[in-house]
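Participant: Before I ask anything, here is the structure I am working with.
The values are calculated or read from the model by the stated rules, or taken from the named source; none is laboratory data. The shown structure was predicted, so the numbers you read here are calculated from the model rather than taken from an experiment. Virtual Cβ from ideal backbone geometry, glycine too; neighbours counted across all protein chains shown. The protein model used for the area step is the full one, side chains on, heavy atoms only, and it has no ligands, DNA or RNA in it. Shrake-Rupley method; radii C 1.70, N 1.55, O 1.52, S 1.80 Å.
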Amino acid sequence: MLLIAIEEHGNIHRAAESLAMSQPAASKLLKDLEDLIGVPLFERLPRGMRATWYGESMIRHARIALSSLGEAGAEIEALKAGHAGNVAIGAIAGPAMTLLPPALAQINQAHPDLRVSLLVESSDVLLEQLAQNRIDLMIGRLFARHDKRNLHYEPLAEEEVCAIARPGHPLLSLKKPGLAELAGASWVVPPEGSVLRHRFELMFQNAGLDMPRQAIGTTALVLLPRLLADSDHLAVVPVDVARHYARHDMVRIVPVDLSCRMDSFGFITRNDWLLSPGARTVLESLKAAAKQVYAPAAKSPRKG
């Protein structure tokens, strides 16, 4: 707490005041710590203090330790109140639609006192949340640009994408539309900078076609049925998302094969951070549910 206070205030006197201790006591505590590890943690400047590289490392670990203690306190309070703890899950859209509903139903039945929260976002956003300990585990993708040193990845399944349209869309009257017809349509697509958006555009470029001129970029999949219902837009989405809306008669899957496929996704956890008992229970339940959800798909094409 002293290291963090000095880093935040830049002055040991104000740091000591914030911790309700005297400056001599704070100075002695800092000196004892520096003597113990054998390196200076702060530079003494004319008007304050600045962390050295050693100090920055210690401060980072101090923040992690305090965060862990805070989580421990919250977990103990939850247990005292009769709850089994809180677990935050992150997931990309596909498995959020297919894996999580049956898995969470099973978890709720087997562990009714376990409180679970869910965040559906892109893999980039979820990885940032995981690094900040805002979620306990995630179902998503790792790409070459991601720092994987502190991550454990367990592959789960591949994800295909498809085109969807409102019932009665003119393109649905064609037996098998080609890329030329798709290039002339208006689309709802992922935002610029996303992997699927890049591969979607590359699909037309590789075929020597101009990219669709009219495109709405959004990550809000919940808006898709309404956006399509009020227009002749098409949308490119994971097959699992398309099937979910198609089952409720909100969209139709366009009979065309898209080459802009996505990489496989899987369970991602931090290997420098211990999962809580509740998070371990949730992860094991998700793995068990995944065997039921994805094993049949591995034996036959996941199209339709």
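Participant: Sum up the lysine pairs in the chain that clear both bars: alpha-carbon distance under 26 Å and a spacing of 8 or more or different chains.
Facilitator: 9
Participant: Rounded to whole Hz and in sequence order, give me ³J(HN,Hα) for segment 275-288 from the Karplus expression 6.51 cos²θ - 1.76 cosθ + 1.60, θ = phi - 60°, writing x for Gly and Pro.
Facilitator: Here the 3J(HN,Hα) series is 6, 5, x, x, 5, 5, 4, 5, 4, 5, 5, 5, 5, 5 Hz.
Participant: Let me ask something else about it. What residues from segment 1-28 fall in the zone where the backbone N is under 18 Å from a label point 7 Å along the Cα-to-C-beta line of Val39?
Facilitator: 3-4, 7
Participant: Nearest 0.05, what FRET efficiency do Lys28 and Asp272 give at R0 = 25 Å with Cβ-Cβ as r? Each step should come with its number before you reach the end.
Facilitator: Numbers: r = 32 Å, r/R0 = 1.27.
The pair Lys28/Asp272 has a calculated efficiency of 0.20.
Participant: Among the DSSP beta bridges whose two residues both lie in the chain, what percent are antiparallel, rounded to the nearest 5? Intermediate values should be presented prior to the final figure.
Facilitator: Numbers: 20 of 35 bridges.
Antiparallel: roughly 55 percent of the beta bridges in the chain.
Participant: Just check segment 216-259 against the gyration tensor rule for me: Cα atoms, a ≥ b ≥ c as the square roots of the eigenvalues, rounded for a/c under 1.5, and otherwise prolate or oblate depending on whether a/b exceeds b/c. Numbers along the way, then the final one.
Facilitator: On the way: a/c = 1.34, a/b = 1.16, b/c = 1.16.
Since a/c stays below 1.5, the shape of segment 216-259 is classed as rounded.
Participant: Follow-up question, since we're still on this one. Along the Cα→Cβ direction, 7 angstrom out, place labels at Gln132 and Ser57. What is the inter-label distance in nm?
Facilitator: Between Gln132 and Ser57, the simple spin-label model gives 2.6 nm.
Participant: Explain nothing, just the number: dipole magnitude of the chain about its Cα centre with +1 on each Lys and Arg Cβ and -1 on each Asp and Glu Cβ, in debye rounded to the nearest 20.
Facilitator: Details: 33 positive and 33 negative charges, 112 e Å.
Dipole about the Cα centre, nearest 20: 540 debye.
Participant: Taking the Cα centre of the chain as the origin and placing charges on Cβ (Lys, Arg +1; Asp, Glu -1), which of Ala105, Ala279, Leu69 is farthest toward the positive end of the dipole?
Facilitator: Ala105
Participant: In Å², and per residue, what accessible area does the chain have when probed at 1.4 Å with the other protein chains present? Display every interim value, and only then the final one.
Facilitator: Details: 16940 Å² over 304 residues.
In whole numbers, the chain has 56 Å² accessible per residue.
Participant: Once you sort the root eigenvalues of the Cα gyration tensor of segment 1-139 as a ≥ b ≥ c, which label holds: rounded (a/c under 1.5), prolate (a/b larger than b/c) or oblate (the other case)? The partial results should precede the final answer.
Facilitator: Details: a/c = 3.85, a/b = 2.25, b/c = 1.71.
It comes out prolate by the Cα gyration axes.
Participant: Could you tell me which of Thr218, Ala246, Met203 has its Cα farthest along the dipole of segment 190-249 towards the positive end, charges placed at Cβ (Lys, Arg +1; Asp, Glu -1), taken about the Cα centre?
Facilitator: Ala246
Participant: Further question: By its C-alpha gyration tensor, with a ≥ b ≥ c as the square roots of the eigenvalues, how is the chain shaped: rounded for a/c under 1.5, else prolate for a/b larger than b/c, else oblate?
Facilitator: Values: a/c = 3.06, a/b = 2.00, b/c = 1.53.
Taking the square roots of the gyration eigenvalues as a ≥ b ≥ c, the chain is prolate.
Participant: When only C-alpha pairs under 8 Å and at least 6 residues apart count, what is the relative contact order of the chain, in percent? Provide the component values of the computation, followed by the final result.
Facilitator: On the way: 434 pairs, mean separation 63.9, N = 304.
In percent, rounded to a whole number, it is 21.
Participant: Further, regarding this structure: Would you mind putting 21-30, 65-74 in packing order, based on average other-beta-carbon counts within 10 Å, highest first?
Facilitator: Working: 21-30: 14.4, 65-74: 12.0.
Ranking the peptides 21-30, 65-74 by packing returns 21-30, 65-74.
Participant: Along its three principal axes, how long is segment 74-192 when you only count alpha carbons? Whole Å, largest extent first please.
Facilitator: Cα extents, longest axis first: 62, 35, 22 Å.
Participant: Roughly to the nearest percent, how much of the accessible area of segment 70-187 is carbon and sulfur, given a 1.4 Å probe? All intermediate terms of the calculation are to be shown ahead of the outcome.
Facilitator: Numbers: 3180 of 6030 Å².
Exposed carbon and sulfur together represent 53 percent of the surface.
Participant: Using label points projected 7 Å from each Cα along Cα→Cβ, tell me how many nm separate Met211 and Leu179, to one decimal.
Facilitator: That separation, rounded to one decimal, is 1.4 nm.
Participant: Continuing with the same structure: Out of the DSSP beta bridges found with both residues in segment 154-304, what percent are antiparallel (nearest 5)? Mind showing how you got there, number by number?
Facilitator: Values: 10 of 15 bridges.
The antiparallel proportion sits near 65 percent.
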